[in-house]
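What follows is a single structure, written as structure tokens, with notes after it.
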């Protein structure tokens with residue numbers, strides 16, 4: 001019961017702030033609503049028993065990425081609002097209709113699979129010699145997923161150098 | 001009142017759709033990038049929900065990878081926005097058509 005209340009409260013906040021992110025006129029307000037959204041998603045991770053990922057979410061998303069967004073919003077000095085220019089070929093209504101059709105399809109798939117009561121999958125018992133959430137994730141990252149982990153670090157290095165190259169005025 | 005993975009899938013799908021609507025409807029490219037972050041968060045919720053359901057930490061490992069890719073995407077994308085803004089003085093995607101034709 002308590003879990004249900006927590007889930008519905010967090011879900012309401014997450015979806016509400018997500019709607020605010022895409023619907024506010026002011027970009028700075030949008031970024032701030034994005035921070036709140038990320039914080040509530042982190043709370044949902046705690047509810048799901050993943051406190052390590054919740055900490056990563058707060059550190060990387062709410063701490064790092066959002067600051068990057070705020071820097072760009074402040075650097076891009078908007079003398080005229082970006083929504084002012086209207087492209088006559090732009091099909092906003094069509095895009096909205098497509099999104100809503102996708103929502104209906106996903107809802108139907110979810111409802112039908114929910115009604116069919118999918119069989120409970122039995123997880124293969126992974127031989128993890130450690131206990132605790134952070135220890136398990138770290139153990140997996142440094143054993144089975146060592147090569148993807150190194151590739152991700154290389155990707156971040158390349159992205160960092162690329163961002164510096166792109167944003168630099170002249171080399 | 002048991003919360004099953006189906007509930008988390010519904011939440012994830014709704015967040016995903018909100019992100020898709022943001023990408024399709026808004027014209028400010030910074031808000032479009034934020035909508036992409038929302039979409040990636042929806043994916044992460046799904047991964048963590050099933051990691052919890054199956055009692056297996058591999059889902060969380062993949063969520064860490066998704067976060068790393070999202071950070072890389074944000075850095076490069078915002079660099080492109082800054083470079084474009086320096087040239088064209090706009091963040092409106094309808095005016096970003098120099099490579100379209």
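Just so it is clear, none of the values below were taken in a lab; they were calculated from the coordinates. Fair warning: this is a prediction, and the values are worked out from it, not measured in the lab. Note that each Cβ is placed from the backbone with ideal geometry, even for glycine, and that neighbours are counted across all protein chains shown.
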**Message:** Using only the Cα atoms of segment A:1-49, what are the Rg and Dmax in Å?
**Reply:** 11.9, 38
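So for each of B:2-9, B:35-42, A:53-60 I average, over its residues, the number of other beta carbons within 10 Å; can you give me the resulting order with the highest mean first? Don't jump to the answer; show the numbers that get you there.
Numbers: B:2-9: 16.1, B:35-42: 22.2, A:53-60: 19.5.
Highest to lowest by the protection proxy: B:35-42, A:53-60, B:2-9.
Where the convex hull is taken over the Cα atoms of chain B, what is its projected area averaged over directions, in nm²?
Averaged projected area of chain B's Cα convex hull equals 7.7 nm².
What value does the protein assembly as shown have for Rg/Rh, both radii from Cα atoms and Rh as Kirkwood defines it? All intermediate terms of the calculation are to be shown ahead of the outcome.
Values: Rg = 19.9 Å, Rh = 20.0 Å.
With Rg and the Kirkwood Rh in hand, the quotient comes to 0.99.
For n ≥ 4 DSSP H runs only, could you compute -39500 (n - 2.57) per run for chain B, divide by its residues and tell me the 222 nm figure to the nearest 500? Walk me through the intermediate numbers first.
Working: 3 runs with 77 residues, N = 101.
Dividing the helical sum by the residues of chain B leaves -27000 deg cm²/dmol.
May I ask for the Kirkwood hydrodynamic radius of segment A:129-171, worked out over all distinct Cα pairs and given in angstroms to one decimal?
Working: mean 1/r = 0.0806 Å⁻¹.
With all distinct Cα pairs of segment A:129-171 included, I get 12.4 Å.
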**Request:** Using only atoms on other chains, find how many Cβ atoms lie within 10 Å of each Cβ of peptide B:39-52 and report the average.
**Result:** 4
**Item:** Two-site label geometry, residue B:88 and residue A:169: point separation in nm, points 7 Å out along Cα→Cβ
**Value:** 2.2 nm
**Message:** How shielded is B:31-37 by partner chains, expressed as the average number of their Cβ atoms within 10 Å of its Cβ atoms?
**Reply:** 6
**Message:** What distance in nm separates the two pseudo spin-label positions at residue A:59 and residue B:99, each 7 Å out from Cα along the beta-carbon direction?
**Reply:** 3.4 nm
**Message:** Suppose each label sits 7 Å from its Cα in the direction of the beta carbon; what would the residue A:143-residue A:100 distance come out to in nanometres?
**Reply:** 5.2 nm
**Request:** With the Cα gyration tensor of segment A:1-84 in hand, give its eigenvalues times 5 under a square root as the equivalent ellipsoid semi-axes, listed largest first in whole angstrom.
**Result:** 29, 16, 5
**Message:** Multiplying the sequence separation of residue A:67 and residue A:9 by 0.36 nm and subtracting their Cα-Cα distance, what value in nm do you get?
**Reply:** 18.2 nm
**Asked** To the nearest whole number, what is the average tally of beta carbon atoms from other chains within 10 Å of the beta carbons of peptide A:67-77?
**Response** 5
